[in-house]
Each structure stands twice: as structure tokens, then as C-alpha cells.
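Have a look at the structure below, then the notes.
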Amino acid sequence: MSPTVIDKIRWTTADLELLPNDGKHYEIINGDLFVTRAPDWKHQNVADNVCTELKIWSRNTGLGDAATSPGIIFTDADNVIPDVVWASNERLAEILDEAGHLTGAPELVVEVLSPGAEQERRDREVKLKLYSIQGVREYWIFNRQQIKVEVYRRENGILKLAATLFREDNLTSPLLPEFSCPVELLFR
């Protein structure tokens, strides 16, 4: 008798090591493999602008650090590459492994939406759930087409939409005391 249900193939961090270094982003969420092309110039420019502002604030306050496109290995079946992360010095000491990889949730994760319904769904639904489960405290989603930022904050253990900011607004965060940046500047 043959089985009627086929077990789903589950990808792991070890599998990622065997994939080619071909400029694509390979991410695993709940054992599912997601492959995307490297970000385009405008996408990367927004991510760099966000990271630059977070780095400047971090240098001035000494409270943490930001990085562009770091890999986060949450579990063997959850391994992602967000566009930007920020973590406090205390949190970095907890989640950086000896090889310099993030192995836990930073306080802040930023994604810049890529064109396409599948990519948008991944950032708005799949990654939102993953970041919520893993303990990210704040999640910013940047929409280049609409020049807006959706800010999700942890409330009762899950990330919920707290604010939608537009070109004329300033981006602030309770995680980042006295951080304030015009949204328009981040999209230049």
C-alpha cells in the first residue's frame, strides 16, 4: 500500500550551506525555502538609508548597532536575511555566536518591500509571524511605491500594526530614545 500523504520536504540551515553563492537570497521559514533575486538599486538604497540613520543614532548614543542584510539563524528551520536590523549592546552580546552570526531576535527588524505579490506576502504575513514568534520587539515595513512605513510593535506577545507613516511624518521608536527621522529622507 502506498502512502496517500507525502511528507513535505523541510529545508535546514545545513542545506543552505550547499546552495550556490549566486547573488540570490536563500531563506528558510518553517522549513520552506524562499529564493529571491538580489535587491535592486532603489531597494538597497532605502535599506542603506535606514541603516545609516540607525548607525548615526547608535554612535551618538552608544546604545547598540545596526547592520544591513545580516543573516539571522533563529532555528535550524528558520533562517532569514532581513534588510536591516538594530540590536542593543546587551542583546547583541546574547545573540551573536562565536562566528559572528545572529542566533536570536534583535529588537528591531526592517524589511523593504520588493515588487511582486509573493514577496509582499512573505514580508507582510510569513515574516511578520516569524518575527513575532521569535520575539522581535519592533518591525518596520518600507513600501517604496507608496512612500510609507508600517510600524509594528510588540503588544501582548505579538507584533501589531501601531502606526502607518507617510512622506511628511517623522519615524520615531520607544526602542530608540530621541531617535527621529523624516520618512521622506529614508526614501531618497
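The values are calculated or read from the model by the stated rules, or taken from the named source; none is laboratory data. None of the values given here were measured: they were computed from a predicted structure. We place every Cβ from the backbone using ideal geometry, glycine too, and count neighbours over all the protein chains shown. Quick note on the areas: whole protein, heavy atoms, side chains included, nothing else; ligands and nucleic acids left out. Shrake-Rupley method; radii C 1.70, N 1.55, O 1.52, S 1.80 Å.
Points worth noting:
- Phi-based couplings in Hz for region 48-63 (Karplus 6.51, -1.76, 1.60; Gly and Pro marked x): 5, 4, 4, 4, 4, 5, 5, 5, 4, 4, 5, 5, 5, 9, x, 8
- In region 1-160, the C-alpha radius of gyration followed by the widest Cα-Cα span (Dmax) gives 16.4, 67 angstrom.
- Accessible area ranking (1.4 Å probe, heavy atoms, ligands and nucleic acids excluded), largest first, for 173, 180, 69: 180, 69, 173.
- Rounded to the nearest 5, the antiparallel percentage of DSSP beta bridges internal to the chain is 85%.
- From phi via Karplus (6.51, -1.76, 1.60), per-residue ³J(HN,Hα) for region 157-162 in Hz, x at Gly/Pro: x, 9, 7, 10, 4, 9
- Surface accessible to a 1.4 Å probe, residue 48 within the full protein complex, Å²: 60
- For the chain, adding -39500 (n - 2.57) for each run of n ≥ 4 DSSP H residues and dividing by the number of residues yields -7500 deg cm²/dmol at 222 nm.
- In the complete set of protein chains, residue-level accessible area for residue 158 is approximately 80 Å², probe 1.4 angstrom.
- Under 5 Å from the amide H of residue 163 lie the amide H atoms of 151, each residue being 5 or more positions distant or on a separate chain, with H modelled from the backbone and absent for Pro and chain starts.
- Over the chain, accessible surface divided per residue gives 55 Å², non-protein components excluded, 1.4 Å probe.
- Its alpha carbons considered, region 1-91 gives a radius of gyration followed by a Dmax of 17.4, 67 Å.
- GluC sites (Glu not before Pro) lying in DSSP loop within region 82-120, provided at most 14 other Cβ fall within 10 Å: 98
- P(r) tail fraction, region 93-188 - alpha-carbon pairs more than 15 Å apart, %: 64
- Neighbours of residue 61, meaning other residues whose beta-carbon lies under 13 angstrom from its beta-carbon, give a summed charge of -1 when Lys and Arg score +1 and Asp and Glu score -1.
- In Hz, Karplus ³J(HN,Hα) per residue of region 70-82 (6.51, -1.76, 1.60; θ = phi - 60°; x = Gly, Pro): x, x, 10, 9, 6, 8, 5, 10, 9, 9, 10, 10, x
- Residue order by solvent-accessible surface for 25, 101 is 101, 25, largest first, with ligands and nucleic acids left out and a 1.4 Å probe.
- Here's how it looks for residue 169: its modeled amide H is under 5 Å from those of 183, 184, which are all 5 or more places away or on a different chain.
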